[in-house]
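Asks: Right, I'll just put the structure down here and ask away after.
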Amino acid sequence: LLSENVVLWTDGGGKAVTAALRPVTGRDAVARISIGSKRFWPASSTVEQEEVNGQAALIVRDGAQAFAVFTIDVEEEQVQTVRIILNPEKLARI
């Protein structure tokens, strides 16, 4: 489902040590970081689908607190962009 040139962006705001400092590009790199980063999720986390900023999103929560928000851009039936918000200050509003 990932396009060959997919790009993953993370926003940790300098406060989330698990955030990538630069965009991650390419199908293999994005798949590896996406799968590998799950180990940093809280053990009791849940995932729900909601709308964030007018776009469908997956919200990872630890109890009532949002831990991460994922959005994707799809074109021609392939994921072109993945955005992950990890900045706790931004997540406090969700």
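Asks: If a/c stays under 1.5 just call it rounded; otherwise compare a/b with b/c (prolate if a/b is bigger, oblate if not). Do that for region 1-72, with a ≥ b ≥ c from the square roots of the Cα gyration tensor eigenvalues. Before the final figure, lay out the partial values.
Replies: Working: a/c = 1.66, a/b = 1.36, b/c = 1.22.
The shape class here is prolate.
Asks: To the nearest 10 degrees, how steep is helix 27-37 against the longest Cα principal axis of the chain, on a 0 to 90 scale?
Replies: Once rounded, one gets 20 degrees.
Asks: Report the net charge of residues surrounding Ala29, where surrounding means a beta-carbon distance below 14 angstrom and charges are Lys +1, Arg +1, Asp -1, Glu -1.
Replies: Values: positive: Arg22, Arg27, Arg32; negative: Glu4, Asp28.
So the environment of Ala29 carries a net charge of +1.
Asks: Quick one: what are the phi-derived ³J(HN,Hα) couplings along region 57-70, Karplus 6.51/-1.76/1.60 with θ = phi - 60°, whole Hz, x for glycine and proline?
Replies: For region 57-70, the Karplus-derived couplings read 9, 9, 10, 8, 10, 10, x, 8, 7, 6, 9, 7, 10, 10 Hz, x marking Gly and Pro.
Asks: Can I ask one more? With every protein chain present, what is the per residue accessible area of the chain (1.4 Å probe, Å²)?
Replies: Details: 6340 Å² over 94 residues.
Computed with neighbouring chains in place, this is 67 Å² per residue.
Asks: What dipole magnitude, in Debye to the nearest 20, does the chain give about its Cα centre under +1 on Lys/Arg Cβ and -1 on Asp/Glu Cβ?
Replies: Values: 10 positive and 12 negative charges, 111 e Å.
Using Cβ point charges on Lys, Arg, Asp and Glu, the chain gives about 540 debye.
Asks: Within the set of other residues whose C-beta is less than 14 Å from the C-beta of Gly13, count the net charge using Lys and Arg as +1 and Asp and Glu as -1.
Replies: Values: positive: Lys15, Arg83, Lys90, Arg93; negative: Asp11, Glu89.
Taking every Cβ under 14 Å from that of Gly13, the sum is +2.
Asks: In percent, how large is the relative contact order of the chain, given Cα pairs closer than 8 Å and 6 or more residues apart? List each step's numbers first, then the result.
Replies: Details: 169 pairs, mean separation 30.9, N = 94.
With pairs under 8 Å counted, the relative contact order is 33 percent.
The values are calculated or read from the model by the stated rules, or taken from the named source; none is laboratory data. Keep in mind the model is a prediction, meaning the values are calculated, not measured. With ideal geometry, Cβ positions are generated from the backbone for all residues, glycine too; neighbour counts draw on all protein chains shown. Areas reflect the complete protein model, heavy atoms only, side chains present, ligands, DNA and RNA absent. Shrake-Rupley method; radii C 1.70, N 1.55, O 1.52, S 1.80 Å.
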